[in-house]
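FYI, it's all coordinate maths here, none of it is from the lab. Being a predicted model, the structure only gives us computed values, none of them experimental. Heads up, the Cβs are rebuilt from the backbone with ideal geometry, glycines too, and the neighbour counts pull from every protein chain shown.
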2 protein chains.
Amino acid sequence: MNLKDTIRDVKDFPKKGIIFKDITTLLKDPKAISIAVEELYKLVKDKKITKVVGIESRGFILGAALALKLGVGFIPIRKPGKLPAERIAESYSLEYGTDSIEIHKDAIEQGDVVLLHDDLLATGGTMKAACNLVERLSGKVGQISFLIELSFLKGRENLNGYDVHSLIQYDSE
Amino acid sequence: MNLKDTIRDVKDFPKKGIIFKDITTLLKDPKAISIAVEELYKLVKDKKITKVVGIESRGFILGAALALKLGVGFIPIRKPGKLPAERIAESYSLEYGTDSIEIHKDAIEQGDVVLLHDDLLATGGTMKAACNLVERLSGKVGQISFLIELSFLKGRENLNGYDVHSLIQYDSE
């Protein structure tokens, strides 16, 4: 089974001229979702991961499944105002303006080796901010994984020095 | 292990006077997250479920894990403007005003028996809207499950006629 065949292209979403890679067609296919988790698990199973961090909100979907398979805890990184307890934030640049993400202060401890997971690598801005959050809490980024990588946007350059993996790559729009 | 002991009370979140039930302390505990999924799975494993629907965004966390354990596909119900393909929407009442949620039109087919999952049952408004979405697409609601139920808010009354389960109940604030 080729996982790429289960991804749906949606034209002009979220705005005109963009071709959106829709993962909901992968997720609803029992074989595809199971293969995706299995492949992501195989990439990371020997990395001595102690926690999985998923980025809101599509990163929660397979992130938690990976944590359960690895037998470790799951940590959500969320948009501002969603996490209730003491937290730290990181900002990152968007095409116009900035956005930010947050993590609970007690989510990561010294010695933690973290798998960071999100569904899609575009420019890498969000994931770089997520790495900063983990490292500010004295965690080590053990691996970064994505379901999809838009290789033509060169997001990997933003994540230099990390062990970065993706299951499906697109070399052009 | 008592799962309730892993839930953290956060005072005055999201606003003064509210005691927020924080599940992140359950999720980060490897034993607790694993027991939670196992218990939710046991409740539903004989219900001939063909799809699991999780509600954005905390419902994605254990919803997808349950889909994988059941060997079925996972369907996200999302806030407006997030799903890229053809979709339908349902509105529901909030304390002040209304909100709405959406599902892809091709997410559910006639004959599907659906497990609907979310982290918390409060008044039940969101979940009732989710049931309506599934039924408008000719799916059958096979079970509804929550990690936490705020029993004193009587959300079950909104979900009359459905098979409703929760792992942790609070009889008072």
*Confirm whether A:Ile77 is assigned to a strand (DSSP E or B) and within 19 Å of A:Ile144 (Cβ to Cβ).*
yes
*Looking at (1) farther than 30 Å from B:Leu137 by Cα; (2) within 8 Å of chain A (Cβ to nearest Cβ), which is the only condition B:Phe74 fails?*
(1)
*So, of the residues in region A:44-60 that are surrounded by 17 or more Cβ atoms within 10 Å (Cβ to Cβ) and farther than 18 Å from B:Ile55 by Cα, which turns out to be nearest to the other protein chains (Cβ to nearest Cβ)?*
A:Lys51
*Is at least one residue of region A:77-93 within 19 Å of A:Val164 (Cα to Cα) and either within 8 Å of chain B (Cβ to nearest Cβ) or of a type in the set (Val, Ile, Thr) (or both)?*
yes
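I'd like to know if region B:105-126 contains one or more residues that are in a helix (DSSP H, G or I), in contact with an Asp or Glu (Cβ under 8 Å, 6 or more places away or on another chain) and at negative phi.
So the first thing to find is which residues in region B:105-126 are in a helix (DSSP H, G or I), and the list is B:125-126.
If we keep only those that are in contact with an Asp or Glu (Cβ under 8 Å, 6 or more places away or on another chain) too, we end up with B:126.
Now narrow it down to the ones that are at negative phi: B:126.
Looking through region B:105-126, at least one residue is in a helix (DSSP H, G or I), in contact with an Asp or Glu (Cβ under 8 Å, 6 or more places away or on another chain) and at negative phi.
Does B:Thr24 count as β-branched (Val, Ile, Thr), buried (at least 16 other Cβ atoms within 10 Å of the Cβ) and touching a Lys or Arg at 6+ places or on another chain (Cβ under 8 Å)? Can you show your working first?
Numbers: β-branched (Val, Ile, Thr): yes; buried (at least 16 other Cβ atoms within 10 Å of the Cβ): yes; touching a Lys or Arg at 6+ places or on another chain (Cβ under 8 Å): yes.
Yes; evaluated as a whole, the condition is true for this residue.
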*Only residues in region B:15-33 that are assigned to a helix (DSSP H, G or I) count as the first member; pair them with residues that are among the hydroxyl-bearing types (Ser, Thr, Tyr), Cβ under 7 angstrom, at least 6 apart or cross-chain, and list the lot.*
B:Thr25/B:Thr6; B:Leu26/B:Thr6; B:Ala32/B:Thr6
